[in-house]
1. Considering B:G235, B:G191, B:G206, which residue is at pLDDT below 95 and over 22 Å from the mean Cα position of the chain (by Cα)?
2. Of the residues that sit in the stretch A:130-142 and are part of a loop (DSSP other than H, G, I, E, B) and aliphatic (A, V, I, L, M), which one is nearest to the other protein chains (Cβ to nearest Cβ)?
3. Criterion first (away from chain B (no Cβ under 14 Å), surrounded by fewer than 23 Cβ atoms within 10 Å (Cβ to Cβ) and closer than 29 Å to A:P345 by Cα) does A:K68 satisfy it?
4. If A:D50 satisfies all but one of (1) assigned to a loop (DSSP other than H, G, I, E, B); (2) closer than 26 Å to A:T235 by Cα, what's the number of the condition it fails?
5. Look through A:A120, A:A116, A:A96 and report the one residue that is crowded, with 21+ Cβ neighbours inside 10 Å, within 14 Å of chain B (Cβ to nearest Cβ) and either of a type in the set (A, V, I, L, M) or over 34 Å from the mean Cα position of the chain (by Cα) (or both).
6. Report, by residue number, each residue of the stretch A:611-647 that is polar (S, T, N, Q) and more than 41 Å from the chain's Cα centre (by Cα).
7. Look through A:A534, A:A518, A:A538 and report the one residue that is touching a Leu at 6+ places or on another chain (Cβ under 9 Å), in the same structural domain as A:T577 (by TED's automatic domain parsing) and touching a residue at least 12 places away in the same chain (Cβ under 8 Å).
8. For the stretch A:763-805, what are the residues that are touching a His at 6+ places or on another chain (Cβ under 8 Å) and assigned to a loop (DSSP other than H, G, I, E, B)?
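The values are calculated or read from the model by the stated rules, or taken from the named source; none is laboratory data. Because the structure is predicted, anything quoted here is derived from the model rather than measured. Cβ sites come from the backbone with ideal geometry, for glycine too, and all protein chains shown count toward neighbours.
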Amino acid sequence: MNDMTPTREERAEKLQGMGCRRKRVEDIRFTQGKGQYVDDIKLPGMLFGDFVRSPYAHARIKHIDKSKALAMKGVIAVLTAEDLKPVKLDWMPTLAGDVQMVLADGKVLFQNQEVAFVIAEDRYIASDACELVEVEYEALEVLVDPFKALAPNAPELREDLRGKTEGAHGKRIHHNHIFNWQVGDKAATDAAISNGEVTIKEMISYHRTHPCPLETCQALASMDKIKGELTLWGTFQAPHVVRTVASLLSGIPEAKIHVIAPDIGGGFGNKVGVYPGYVCAIVGSIVLGKPVKWVEDRMENLTATSFARDYHMTTEISATKEGKVTGLKVHILADHGAFDACADPSKWPAGFANIVTGSYDFPVAHLEVDGVYTNKAPGGVAYRCSFRVTEAAYCIERAMDILAQKLGMDPADLRMKNFIQPQQFPYQSALGWEYDSGDYPTALKKGMETINYRALREEQKAKQEAFKRGETREIMGIGVSFFTEIVGAGPSRNCDILGVGMFDSAEIRVHPTGSIIARMGTKSQGQAHETTYAQIIATELGIEADKIMIEEGNTDTAPYGLGTYGSRSTPVAGAATAMAARKIRAKAQMIAAHLLEVSDYDVEWDIDRFRVKGLPEKFKTMTEIAWAAYNNVPEGMEPGLEAVNYYDPPNMTYPFGAYICVMDIDVDTGVAKTRRFYALDDCGTRINPMVIEGQVHGGCTEGFAIAMGQEIRYDEMGNCVTGSLMDFFLPTAVETPHWETDFTVTPSPHHPIGAKGVGESPNVGSVPAFSNAVNDAFAFLNAGHIQMPHDAWRTWEVAERLGLHD
Amino acid sequence: MIPGRFDYYRPSSAQEAVALLAKLGEDARPLAGGHSLIPVMKTRLAAPEHLIDLGGIADLRGVKVEGDTVVIGAMTTQHDLLTSKVIAEHLPIIPETSALIADPQIRYLGTLGGNVANGDPGNDMPALMMCLDATFTVLGAGGERTIKAREFYLGTYYTALETGEIVTSIRIKAMSKATGYAYEKLKRKVGDYATAAAAVVLSVSGGKCTSAAIGLTNVAETPLLAEDAAAALVGSSLDKVAIDKAVAAAEAITNPAHDARGTPQYRTKMAGVMLRRAIARAMTRAHG
């Protein structure tokens, strides 16, 4: 020991482990335009596919003539459903237990549905040839409004299901009915509602929108007919599942299918499902023996692959006069579009919508969901949220505000009064979940104090008076949202995708020189996995994060995992990473003891080394131990230093947060300006605060977009009228509010490092904060519940209805 | 989002450009900044077989003063307009408007000529040109002629330009230093077309409005010159009664489409609100 010997703090800091604001290592390539995306991959002889799509929302296909397209120079093939029938790929199974047309089989069910797939020598020829495919349609009556789907005379959309009274999730009661799903005690809830001293009932809609990642969905399939091997590059949030599905559908052994998800430019749920473009590229390559690439354009992405939300939630709450909630009853009409292609764990037709009791201690609750078909694109993906959790959080957070108004209570006070208390955890919810941990009152109190909530309410009151006197044309809204998420799916006892349990995995290999390669079953789409998994390992194994390489997305090298969505990477694969690292550390301890010539129990872990208990100058660093693992291990021990862990979580994790939005609305234009937005997140142990803040900024920006105008809208003919970025609202930095982030830390008791996941919290929490702010601004004028999205024109219409322009 | 096949030409003079347009006929289209034409080509709503890029014609770009008139080359970009000292001095309402068009990257390419000649009522410059009583110089195979902005717009994407003609320059009388002006635009986000927008120039003398002109953007099939609205202001002291009358007259001539920006009723009312705000701002700038 001398003055140059690093202190313990210096040694810990050098690791850049958990808690460090480590810069994102992937940004070195992303900020220089050096990411490798699917469309960057070019193979010799590669062909391009493009779709002929339906201009109609509902029509019978009378005839398809592809002769002119086939006659065009450079066109190799034109696939239709008839061509896919011999290989039984004209329809494909969906994740939700339904089936979906790959190419239109006899009829089309939504605008821009895939009708034919043209394969040509280049992308331009493929597009030109699409115009030469002649399709004769006979228009049919269109069903757009989900509330009319179950009318006796509603047009029958799914003729393929005619006579099937049982679906994947039980009874179907109508030709456009998909499922009915119920949770909770109906009789007790009905009784609570009818005996409630104060009750509210409101139909709260969460409109249809779209994740709209910057990079659209794409795939490149390359069949090597000599080896019988298929390589598939694609924008896959869950590459291993894609490989399993591709094997089941094609009959090619899973070992001979190589699925590679390279860099992905955002997913947000859009890239979980399997799309006709993937299937057609694979079929094209198998048939032609050449690589076939399919790249979706922006309009195709918005109109054909994977909408989100479209939940219409009739919500009732009963409470005492003092504001203690006594019951919650929710009926959801779920518009699934033409096929039920929701990306939920297979047993959960409405995802985890039964988190709808939120952060509150409801003694009884009942949830019922009816899924229906309409002439709209399929999807129902979890747009930066765990399965249907955003819808549920919006429902309860909006409903609590409506109840507060009816009671004449402050919305923050009503929440405080009904919170599940810290001592109630683990908490059994009325709809069947066991919340792992939480301290809600502390979080909300911190938020209210930071933003000076009471003073804002005073200011609002003064502004309301000034508005009534005609001194201002602005009204002020304060939106409070206190969300509880359920993420990290999930325990394999109740969560699977097509029968594969929703565990996840990590494989860590320590090289002789002490550097590490680690591979996971997840797949980053921008979440900074290469940065943060390395931090977990750095802390667990005492090796500098910069010496740890993280690799994901190649099914040949990575252990099997269920992928990245539903904020599951940290709760599941992050746990696997810690557990695999601990296996390595256990072996390292034995090697250290062997090198130090003491017993295994006489050494102890110290940041980056094992030292002899009571003799801190006698130690072996992990780097030294790594070297020894390859040349000097105890007798009888296998050489090498690596481990794999498949982690089946015992429970979900339940991140939560307090969000407060302060907004000023110009009643003459309906334009809403966000003055402040405060986001407090509790995601348990924080691995990288900077990455967390980035996640919160991104998720809040999406939430802002959704609440304030981002929607997928159809006209009465079923034409999608928001199919380009001219109409679909994607805010720029100029429109986006400034975000104030904050946190509390309540670790998950069942997670190896106590982390809960944060990627989706801000989307879940911010939407109700924005919507509640708009509603709160108008509340003093008795506007009633105002539906999202709150674009300027709709907000202006509220003001117009209230006579504010007279 | 992949355009059909086309041939590309880059002439170096306006004469050469119109000769090409005459030779290639209906299937040829001139290309200015491209921010309107290329997106519709990518969606295949337009499929010209020949694109005549005017970007190589140096004579079409730049700003000069001829007597009391400012002459702006058709290929002068929005960025040029934002940074031109001549424009800032003589026509300050133009950079105020340019700054509300799209974003900096687009303004480096988007041109005044393209903006006015395309005939899209969503473009901001046409209503402003009507308000300023600009004159367009156009060139065709048959020679040069001039068309008043106020007579130029006949319908959506339908203008007084004959096939084969291009706009070569825009002539606008310089504004007096005493003139009040404002362009007010309501939009959802950077890069969006106006929900509604209003251009106002007015003069005041002895507390009375002596002249006024009003243009409205994106609230009808064409840009609008709101003559009755302007007339309601002239002779008044720009009091509430006169402004109410002007707003009502402006709202009476709108016929906006229902799109993601709002209902026809909303967009009409926003034309009124933008006009009201533009008048208020113009009043603070007017001297005399």
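1. Of the residues listed, the single one that is at pLDDT below 95 and over 22 Å from the mean Cα position of the chain (by Cα) is B:G206.
2. Going through the stretch A:130-142, the residues part of a loop (DSSP other than H, G, I, E, B) turn out to be A:131-133, A:140-142.
With aliphatic (A, V, I, L, M) added as a condition, the list becomes A:132-133, A:140, A:142.
Numbers: A:L132: 12, A:V133: 14, A:L140: 25, A:V142: 19 Å.
Within the stretch A:130-142, the match that is nearest to the other protein chains (Cβ to nearest Cβ) is A:L132.
3. Working: away from chain B (no Cβ under 14 Å): yes; surrounded by fewer than 23 Cβ atoms within 10 Å (Cβ to Cβ): yes; closer than 29 Å to A:P345 by Cα: no.
Answer is no for this residue.
4. (1)
5. Details: A:A116 fails: within 14 Å of chain B (Cβ to nearest Cβ); A:A96 fails: within 14 Å of chain B (Cβ to nearest Cβ).
Of the residues listed, the single one that is crowded, with 21+ Cβ neighbours inside 10 Å, within 14 Å of chain B (Cβ to nearest Cβ) and either of a type in the set (A, V, I, L, M) or over 34 Å from the mean Cα position of the chain (by Cα) (or both) is A:A120.
6. A:N631, A:N632
7. A:A538
8. A:Q787, A:M788, A:P789
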